[in-house]
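Have a look at the structure below, then the notes.
A short reminder: the numbers here are calculations on the coordinates, not readings from a lab. For clarity, every value in this text was computed on a predicted model and none was experimentally measured. Reconstructed Cβ throughout: ideal geometry from the backbone, glycine too, with neighbour counts over all protein chains shown.
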Amino acid sequence: MVEDQLIISIEELKEQGLSYYKINKFVEKGILRKLNKRYYENVNYTGELTDFSYIPAYIPQGVICLMSAAVYYDLTNYMPHSVDVDIPRKSRVSTLPDWPNIDLYYYTDYRYKLGIEENNGIRIYDIEKTVVDIIYYRERMGIDTAKEVLVNYLRRRDRNLNKLIRYGDRCKCGKIMSIYLEVLI
């Protein structure tokens, strides 16, 4: 069994030669904990554990977004009470865990597919897409929060303003992004 993996799919366990009988024995012994029909938690996992770790098991098509992604990229001091996860508009999620708390956002297909990165099996929007989404949802997130995220982004050496403006145009907030950038730069 994979020791360095927290969430293990039934397919991965079967690829390792484990039968359903053996998998159920691991559950009985407390080595695995069943999360849902497709995924198990490795109880003996000793690596880093974050709120993001369980997202792929419960929402395989989910992408970490908005304030959760901003915290990940160190763009804000805000500590979210839940993980912001984006899914395609027509998707459905059958069950959500008790922990971590998850806030779902339904994006259009185009907006959903733009800027996805994968880090250690967790899908998250890149930093520019995160900034653009927060500016787009500035009324919901708060104007001060949107400003803080943008200012912190502009202070970074690895910023890519061309990519930020291109994403802003594609996500229908190019004009407001330009106004913010003109004021802050």
Practice task
Ratio to report: Rg/Rh of the range 52-184, with Cα atoms as the point set and Rh obtained by the Kirkwood method; give two decimals.
Solution key: 0.95
Practice task
Kindly work out what percent of the DSSP beta bridges joining two residues of the chain are antiparallel, to the nearest 5.
Solution key: 65 percent
Fill in the blank from the handout: Of the residues Ile135, Leu154, Gly121, the Cα lying farthest along the dipole of the range 115-166 towards its positive end, which is defined by charges on the beta carbon of Lys, Arg, Asp and Glu, belongs to Leu154
Exercise for the section: Calculate the spin-label point distance for Lys175 paired with Asp144, positioning each point 7 Å from the Cα along the beta-carbon direction, and give it in nanometres. Expected result: 2.8 nm
Problem - CD proxy at 222 nm, helix term only [per DSSP H run n ≥ 4: -39500 (n - 2.57); per residue of the chain; nearest 500] - result: -11500 deg cm²/dmol
Handout entry: Rounded Å value of the spacing that divides the Cα centres of the range 10-86 and the range 106-168
Key = 24 Å
Handout entry: Residues listed by number, the range 130-173, amide nitrogen under 17 Å from His81 label point at 7 Å toward C-beta
Key = 140-142
Practice task
Using a Förster distance of 30 angstrom, determine the FRET efficiency expected from the C-beta separation of Leu104 and Val43, and round it to 0.05.
Solution key: 0.65
Handout entry: 9 Å beta-carbon shell around Ser68, net charge (K/R +1, D/E -1)
Key = -3
